[in-house]
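Quick notes on the structure that follows.
The values are calculated or read from the model by the stated rules, or taken from the named source; none is laboratory data. Since this is a predicted model, take the numbers as computed values, not measurements. Cβ: placed from backbone, ideal geometry, glycine included. Neighbour counts: every protein chain shown. Note: areas computed on protein heavy atoms with side chains; ligands, DNA, RNA excluded. Shrake-Rupley method; radii C 1.70, N 1.55, O 1.52, S 1.80 Å.
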Amino acid sequence: MANERTGKPGWDSAPKVRSDAKLKGLPEVDQETLWLLMHPTDGTDGRNVEEMLVHIQEEHGFTVSVSTFYEWLSYYRQQQRMVKAAERALQAKLQLAADPSITPEDLERVAQTIFTAEMLEAGDVKGYVALAKVGLARKSLEHDARRIALLESKAKRLDELEAKAREIKSGGGLSPETLEVIEKQLKLL
């Protein structure tokens, strides 16, 4: 059999898509349908795992193992928790926004706290760690921005001092007092 990419003889080495990736790659409406088939909202019994595996084969044209299906269920449940936590955080943020004494930074901090609490309550340590890393990265970026602003300020001041030194030099020289002032200012930088 010839390889489709190279045209050379040999096995076709096109990568196979993993079945868990296929489930996660389904459109959101199809994933929600799978969830609702197992967890109906009308009080009826949902389908069992075996019935779900048959449904996936018939409706989507691929098979998955029981363990892969359970991994997807866990993934989907986690995604739903994150969406609901974000919705509750947004609701709280909108309610607090009506108070004119609350700053935008306070709103963001409260929303983040609510979201984090929701994730921890759901037992999602990985989600909390990911949020903590994002928070640390944000603080690092803010610190870097302050350092850059300070360096730009120092560079501007240095340029001004150098221009002043050139001006004085072209005017006939430096007096000892002027030279002392410039040296002190340069040491401050």
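Let's see how each residue does on (1) in a loop (DSSP other than H, G, I, E, B); (2) among the acidic types (D, E); (3) at pLDDT below 85:
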{"site": "G7", "(1), (2), (3)": "yes, no, yes"}
{"site": "P15", "(1), (2), (3)": "yes, no, yes"}
{"site": "D20", "(1), (2), (3)": "no, yes, yes"}
{"site": "E32", "(1), (2), (3)": "no, yes, no"}
{"site": "V54", "(1), (2), (3)": "no, no, no"}
{"site": "E58", "(1), (2), (3)": "no, yes, no"}
{"site": "V64", "(1), (2), (3)": "yes, no, no"}
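From the list R88, R138, R81, which one is more than 28 Å from L23 (Cβ to Cβ) and either open to solvent by less than 90 Å² (accessible area, probe 1.4 Å) or in a helix (DSSP H, G or I) (or both)?
Working: R88 fails: more than 28 Å from L23 (Cβ to Cβ); R81 fails: more than 28 Å from L23 (Cβ to Cβ).
After applying the criteria, what remains is R138.
Any residue in the range 35-49 that is open to solvent by 60 Å² or more (accessible area, probe 1.4 Å), part of a helix (DSSP H, G or I), closer than 22 Å to E121 by Cβ and of a type in the set (F, W, Y)?
Scanning the range 35-49 turns up no residue that is open to solvent by 60 Å² or more (accessible area, probe 1.4 Å), part of a helix (DSSP H, G or I), closer than 22 Å to E121 by Cβ and of a type in the set (F, W, Y).
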Would you tally the residues in the range 58-76 being open to solvent by less than 90 Å² (accessible area, probe 1.4 Å) and on the phi < 0 side of the Ramachandran plot?
13
Regarding A155, is this residue more than 30 Å from T116 (Cα to Cα) and at pLDDT 75 or above?
yes
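Matching residues to (1) over 17 Å from the mean Cα position of the chain (by Cα); (2) in contact (Cβ under 8 Å) with a residue 12 or more places away in the chain; (3) more than 30 Å from V29 (Cβ to Cβ):
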residue	(1), (2), (3)
W72	yes, yes, no
Q78	no, yes, no
A86	no, yes, no
D99	yes, no, yes
P104	yes, no, yes
R109	no, no, yes
F115	no, yes, no
R138	no, no, yes
